[in-house]
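Please read the structure below before turning to the comments.
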Amino acid sequence: MASDFPTKKGIHKMTLTLENENMMRYAIYIPKSYSPERAVPLIIALHYGGRVTPYYGKAFLEILIEPALKDLSAIIVAPDCPAGRWDNPKSESAVIQLLDNIKNHYAIDDKKVVLTGFSMGGIGTWYIAARHPELFSAAIPISATASTEDISMIKDIPLYVIHSKDDEVIPYKPVQAIVEQLKSREYPVEIIILNDITHYETYRFVGPLKKAIPWLKKIWER
């Protein structure tokens, strides 16, 4: 493994030069137990909307993803959105390039790669998972909806959907309808409906996301 890629426990700031020569910033969390001799899970985490200042994804990683999923002893990567939104070809390509780069420099278990995101990042999770199901073992969109195209395309990737009834930005009923539509196709999807959490209370999703861990482990045991 390359020496300029961190292996010590903690959150590190990194950059990746993309194929179009643009630079993508990302934060990476390395678990205490990481060793190049043993493959570990990988979580790609797509941040919410807002003005993307440098290492915007780092705060998302610290607020929600690392506290919720640290017990998986996974490497967690949270990039900065390079193209305004996550659900477009430019951002899609950047995420795939980042995924390939991480897999080239760390010991990653290909059967334990998870895509997740919140709000805008959750929409991107639907979008990218629908187009690259072979790259991920599971996807966890949080407080997000999916396009008709995403719903029609998605296949072969288990979904764990988290949404609050009190989401004032993305209503839960259409999301619930999407899940029911997928279930009618016997699609492997779970939905967790929460109460009394608004869209902008990101930190309050730590507990609900942590409850996805047993579900993930069952997926990985198949």
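Explain nothing, just the number: relative contact order of the chain, from Cα pairs under 8 Å at least 6 residues apart, as a whole percent. Don't skip to the end; give the middle numbers.
Details: 447 pairs, mean separation 37.9, N = 222.
Rounded, it is 17 percent for the chain.
So what's the net charge close to residue 71: Lys and Arg +1, Asp and Glu -1, counting the other residues with Cβ under 13 Å from its Cβ? Don't jump to the answer; show the numbers that get you there.
Numbers: positive: 32, 70, 210, 211, 217; negative: 66.
Value of the local net charge: +4.
So what are the ³J(HN,Hα) numbers for segment 67-80, from phi and the Karplus equation (6.51, -1.76, 1.60; θ = phi - 60°), rounded to whole Hz, Gly and Pro as x?
Each residue's phi maps through the Karplus curve to give x, 7, 10, 4, 5, 7, 6, 9, 6, 10, 10, 10, x, 8 Hz.
Take 150, 196, 166 and order them by how many other Cβ atoms sit within 10 Å, fewest up front. Write down the numbers at each step before the final one.
Values: 150 20, 196 9, 166 14.
Result, fewest neighbours first: 196, 166, 150.
Looking at segment 90-162, which trypsin sites (Lys or Arg not before Pro) are DSSP coil and have at most 15 other C-beta atoms within 10 Å of their C-beta? Mind showing how you got there, number by number?
Details: sites: 90, 103, 111, 112, 131, 155; in loops: 155.
Passing sites in segment 90-162 are 155.
Between helix 212-221 and the chain, what is the angle of the helix's C-alpha long axis to the longest principal axis, kept within 0 to 90° and rounded to the nearest 10?
70 degrees
Of all GluC sites (Glu not before Pro) in segment 1-86, which ones are in loop regions per DSSP and have a Cβ with at most 13 other Cβ atoms within 10 Å? Walk me through the intermediate numbers first.
On the way: sites: 19, 21, 37, 62; in loops: 19, 21, 37.
Those that pass, being in a loop and sparsely packed, are 19, 21, 37.
With the Cα gyration tensor of segment 10-221 giving a ≥ b ≥ c as the square roots of its eigenvalues, does the rule (a/c under 1.5 for rounded; else a/b larger than b/c for prolate; else oblate) give rounded, prolate or oblate?
Details: a/c = 1.38, a/b = 1.30, b/c = 1.06.
It is rounded, given that a/c, with a ≥ b ≥ c, falls under 1.5.
Which whole-number percent is the relative contact order of segment 1-43 (Cα, under 8 Å, 6+ apart)? Intermediate values should be presented prior to the final figure.
On the way: 47 pairs, mean separation 16.5, N = 43.
Relative contact order for segment 1-43 comes out at 38 percent.
Can you give the net charge of the other residues whose Cβ lies under 12 Å from the Cβ of residue 121, counting K and R as +1 and D and E as -1? Walk me through the intermediate numbers first.
Details: positive: 85; negative: 80, 87.
Taking every Cβ under 12 Å from that of residue 121, the sum is -1.
Around residue 27, under 9 Å between beta carbons, what's the net of Lys plus Arg minus Asp minus Glu among the other residues? Mind showing how you got there, number by number?
Working: positive: 13, 25, 58; negative: 62, 80.
Surrounding charge for residue 27 is +1.
If you count the DSSP beta bridges with both ends in the chain, what percent of them are antiparallel, to the nearest 5? Write down the numbers at each step before the final one.
Numbers: 13 of 35 bridges.
Bridges in the chain that DSSP calls antiparallel: roughly 35 percent.
Please identify every one of the trypsin sites (Lys or Arg not before Pro) in segment 156-197 that sits in a loop by DSSP and has no more than 14 other beta carbons within 10 Å of its own beta carbon. Mind dumping the intermediate values first?
Working: sites: 165, 183, 185; in loops: 165, 185.
Those satisfying the criteria are 165, 185.
If we count other beta carbons within 10 Å of each Cβ, what is the order of 47, 12, fewest first? Numbers along the way, then the final one.
Details: 47 28, 12 15.
By the 10 Å Cβ count, ascending, the order reads 12, 47.
Readers should treat all values here as calculations from the given coordinates under stated rules, not as data from a laboratory. These numbers come from a predicted model, not from an experiment. Neighbour counts run over all protein chains shown; Cβ positions are idealised from the backbone, glycine included.
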